[in-house]
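What follows draws every value from the coordinates through simple rules; no lab data is involved. Since the structure is predicted, the reported quantities are computational estimates derived from the model, not experimental observations. Neighbour counts run over all protein chains shown; Cβ positions are idealised from the backbone, glycine included.
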Amino acid sequence: MFFKKKVELDMSNIPRHIAIIMDGNGRWAQKRGLSRTMGHREGSRTLKKIVEACYNLGVKYLTVYAFSTENWSRPKQEVDDLMNLILEYLLNAEKELKGKNVRIRVIGDRKRLPERIQKEIERVESNTRHIQGLDFVIALNYGGRQEIIDAVSCLVEDVKAGKLCEVNEQAIAERLYTHEIPDPDLLIRTSGEMRLSNFLLWQCCYTEFYFSKALWPDFDEACLREAILSYQGRQRRFGGVKC
Ligand code: FPP
């Protein structure tokens with residue numbers, strides 16, 4: 001049997017916030033002659049393992065793109081199956097994460113989600129609100145442009161009401177769904193696709209990108225470590241120069 005050597009990481013330079021576009025569930029299923037839903041189910045298993053791996057590595061924030069504002073255009077059966085998987089995940093999350101300090105929250109426009117999911121989100125968020133450890137953020141019915149539209153609408157209302165007199169970066173950032181969450185340090189997209197697909201448009205201003213060829217259901221801790229290793233080799237200058 002062949003054992004892959006574990007990539008050694010600099011534990012003093014673990015990204016504080018990792019964002020992931022979990023892409024490739026459909027292709028993973030297609031390659032095996034399975035339904036797309038089976039791909040999403042396997043993707044959900046992968047997600048559980050990656051949440052645990054991030055927790056063990058000391059990552060502080062993990063944000064995953066689970067359902068975009070554009071995903072409603074998929075066949076109804078796939079959308080329904082995805083909603084059921086998400087509901088199942090939320091129902092079991094606390095039990096599965098028991099003993100680990102993981103706070104769960106959801107970003108996106110939740111009003112369009114099925115009522116049962118909305119209720120579960122409220123329950124899980126409220127039950128885990130006090131937890132300090134890993135903040136696990138699930139983007140559901142999330143669109144980066146919609147998030148900016150919502151923030152700007154709120155800002156206009158506040159200006160009209162005389163609650164705000166200067167429009168600046170902070171004024172917008174404070175009105176985004178992610179207002180309590182720092183910008184991602186590392187964004188990973190699986191399946192070889194290299195685009196942002198309306199994910200965290202504002203927040204990824206200075207994020208380091210890593211594209212993995214692995215389809216999401218095949219992504220594992222070793223792949224995560226490779227991504228972090230690549231991040232650790234980058235020089236982040238945030239528009240400045242190296243001193
Ligand atoms: C993209 O792959 C994946 C999605 C749109 C859904 C992601 C959902 C999960 C990983 C599982 C459920 C999530 C939670 C939070 C329990 P794709 O379907 O576009 O793949 P393809 O590009 O190969 O067709």
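Things to note:
- Estimated distance in nm for a label pair at Asn127 and Ser197, the labels positioned 7 Å out from Cα along Cα-to-Cβ: 2.9
- Over the stretch 141-243, the ratio between the Cα radius of gyration and 2.2 N^0.38 Å evaluates to 1.34.
- Average Cα contact separation per residue, the chain, under 8 Å, 6 or more apart, as relative contact order %: 28
- Coil-residue chymotrypsin sites (Phe, Trp or Tyr not before Pro) of the stretch 1-54, DSSP, other Cβ within 10 Å capped at 10: Phe2, Phe3
- Counting only residues at least eight positions apart within a chain, or on another chain, the aspartates and glutamates with an alpha carbon under 18 Å from that of Lys111 are Glu70, Asp80, Glu120, Glu122, Glu125, Glu147, Asp150.
- Anisotropy class of the stretch 192-243 from Cα gyration tensor, a/c 1.5 cut: oblate
- 3J(HN,Hα) couplings calculated from phi for the stretch 191-203 with the Karplus curve 6.51 cos²θ - 1.76 cosθ + 1.60 (θ = phi - 60°) are, in sequence order, 6, x, 6, 10, 8, 8, 6, 6, 9, 6, 4, 5, 6 Hz; Gly and Pro show x.
- Whole-Hz ³J(HN,Hα) from phi, Karplus 6.51 cos²θ - 1.76 cosθ + 1.60, for the stretch 91-97, glycine and proline x: 5, 9, 4, 4, 4, 5, 9
- Pairwise Lys count, the stretch 1-104 - Cα closer than 17 Å, eight or more residues apart or different chains: 10
- Whole-percent pair-distance distribution, where bins are 5 Å wide, for the alpha carbons of the chain: 1, 6, 13, 17, 19, 18, 13, 7, 4, 2, 1, 0, 0, 0
- Nonlocal amide H pairs with Glu208, under 5 Å, H built at 1.01 Å: Leu186, Leu187
- Comparing Val152, Val137, Val102 in a Gaussian network model of the chain where C-alpha atoms under 10 Å apart are linked, the largest mean-square fluctuation is found at Val152.
- Computed helical MRE - 222 nm, the chain, DSSP H runs ≥ 4 contributing -39500 (n - 2.57), nearest 500: -13000 deg cm²/dmol
- Centroid-to-centroid separation of the stretch 8-42 and the stretch 148-199 [C-alpha atoms, Å]: 25
- Computed from backbone phi with θ = phi - 60° and the Karplus coefficients 6.51, -1.76 and 1.60, the 3J(HN,Hα) list for the stretch 151-157 is 5, 5, 4, 5, 5, 4, 4 Hz; x is used for glycine and proline.
- Cα shape, the stretch 1-113, gyration tensor, a/c 1.5 rule: oblate
- Cα gyration tensor category, rounded, prolate or oblate, for the stretch 41-163 with a/c compared to 1.5: oblate
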